[in-house]
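See below for the structure under consideration.
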Amino acid sequence: MLPAIPLCVEWLDIRPNKGSEQGNFAAVGTMDPDIELWDLDLVDCMFPTAILGQNSRPATDAPLEPATKKKKRKAKKANASYHVDSVLSLAANRTHRHLLASASADKTTKLWDLNTCTAAHSYTHHTDKVCALAWHPTQASVLLSGSYDRTIVAADMRAPDTTVPRWGVESDVEQVRWDPHDENNFYVSTENGVLHCFDARQLPSTPEKSKAMWRLQAHEKSLSSFSINPTVPGFIATASVDRIVKLWNITDNGPSLVVSRDLGVGKVFSANFAPDDAVAFRLAVAGSKGAVQVWDTSTNRAVREAFAGRMRLPAGAEDVVERVVGVEVDDEVDEEEEEAEENGGEGGWESMEEE
């Protein structure tokens, strides 16, 4: 059982404290400041293998039992050793596999050494909650971070005391990603439903003077998630709490809408393309109804027409009916969401803004 509501999860392929051993683990960030590492190969596991934070405990051969009765958390000052507020984002370094970055509502970013399960460095690049992280695809020491202070930072984690390049956007950052097809470009989505594309080589003198390569009003509400297809260049999916998923074709002239769908998952919180070439057109989408849908976008005629020249489509794709596969929707969650909306609530979504 998790100690609090989960906010982020990241897959790890090494065993904590034993970097030479491969593993199958999930790092989970929650409303609590500790990060728990769970062994996915253990069925019905009750306790995490290791914990990163103030209650850090190194990995053992057996899952850890919970600590003694948890004391009520008091407001604490941010420090270099552990987070003191909710963990909002996690990013595993795929080159240096023993490194895990975490972003927190305590306004810090931390770099964890999974060989020792301790914080190697702590960074204070932002003045508000840090909510999004992404490692550079080729420069393994460069980490992109986004914050509620409406800035994005690209920092070399080997030089914690140097001045970092900083870009600004018009509202709170939701998600950041590097372009897997052009290592100089990165994307930022915001609470206002805008998707920005920046060239990391163009450094503004101040965040307010940032100039994006292009700016897209993709949704009218918060752009909670987006995904850049790792195999098909210029193929981007955006998702929003307006319940809509949109597919975009990015060319030299900028983005153009290909198709949009309401996949019936409620307010969309996550959308990701499959990482494997063989199923590159599959898009997994999840939302506030507790439902998950997998959309085979190659079965959509508009998608086939837009991207047929960039990648070989699956055999027979031109002859099939548009296909979406989903899990059974939790009717109880659906009813609770509708009731909350009728009463003026957010319906399954809670803002991180402080009252």
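Only the coordinates and a few stated rules stand behind these numbers; no lab work does. Model, not experiment: these values are computed from the prediction. Note that we place each Cβ from the backbone using ideal geometry, even for glycine, and neighbour counts take in every protein chain shown.
Arranged from fewest to most other beta-carbon atoms within 10 Å of their beta carbon, 5, 35, 228 become 5, 228, 35. Ordered by the count of other Cβ atoms within 10 Å of each Cβ, fewest first, 183, 208 give 208, 183. Cβ-to-Cβ counts within 10 Å put 270, 20, 89 in ascending order as 20, 270, 89, the fewest first.
Relative contact order for the range 181-241: 31 percent, from Cα pairs under 8 Å spaced at least 6 residues apart, divided by residue count.
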